[in-house]
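Input: a single structure, listed below in structure tokens.
The values are calculated or read from the model by the stated rules, or taken from the named source; none is laboratory data. Since we're looking at a predicted model, the values are computed, not measured. Glycine gets a Cβ as well: all are built from the backbone with ideal geometry, and neighbour counts include every protein chain shown.
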Amino acid sequence: MNTFNLCIYTAIHSFPCQQAYSHPQQTQAYPQPPPYMYQPPVQAPPVQSTVVVTQPVVTVNTQTFRDYPVTVTDSNGQQVQTVLQYKAGLLTYLVAALICLFLSEIGLCWLAIIPFFIRELKDVYHITPTDGRVVGIYKRLS
């Protein structure tokens, strides 16, 4: 039985403790750590990279389309004059509705078909004659 247990045993049974418990003394000294010295991080040499960005060339048609033919470049690269095609648009239907509204009281609503025969009330479609492609639209009322 070690001295600590013996001392507790004698204290419980009211015997005098023979030897007091003591911690062993540290006799060995640890060496001091070396002083801290800052060392800058090693940097890698800079890497030079070149990024080349190419963007597609977009041709914007800035031509204004009206109710007369214009000259455009078709898909073959040739300069051609557009062919005009007239189609009923918003203005045509609006005029027809107004005619029907005002003339329906006297039974003349059938006159609402007149705007469908007037070119100045229709939208104009510009079409290339070589490939039949619509290149522009002139809307009378948007």
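With respect to (1) at pLDDT 75 or above; (2) over 30 Å from E120 (Cβ atoms); (3) under 55 Å from the mean Cα position of the chain (by Cα), the lone exception for F65 is condition (2).
So which of V72, V83, V58 is touching a His at 6+ places or on another chain (Cβ under 9 Å), β-branched (V, I, T), within 30 Å of G132 (Cα to Cα) and modelled with pLDDT under 90? One residue alone meets the criteria, V72. Every test in (1) without any contact (Cβ under 8 Å) to a residue 24 or more places away in the chain; (2) assigned to a helix (DSSP H, G or I); (3) among the hydrophobic types (A, V, I, L, M, F, W, C) is passed by I106 save one, and that test is (2).
Checking each residue in the stretch 101-117 for being closer than 14 Å to Y86 by Cβ and surrounded by 13 or more Cβ atoms within 10 Å (Cβ to Cβ) picks out P115, F116.
Between V124, V53, the distinction of being of a type in the set (A, V, I, L, M, F, W, C) and touching a Phe, Trp or Tyr at 6+ places or on another chain (Cβ under 9 Å) belongs to V124 only.
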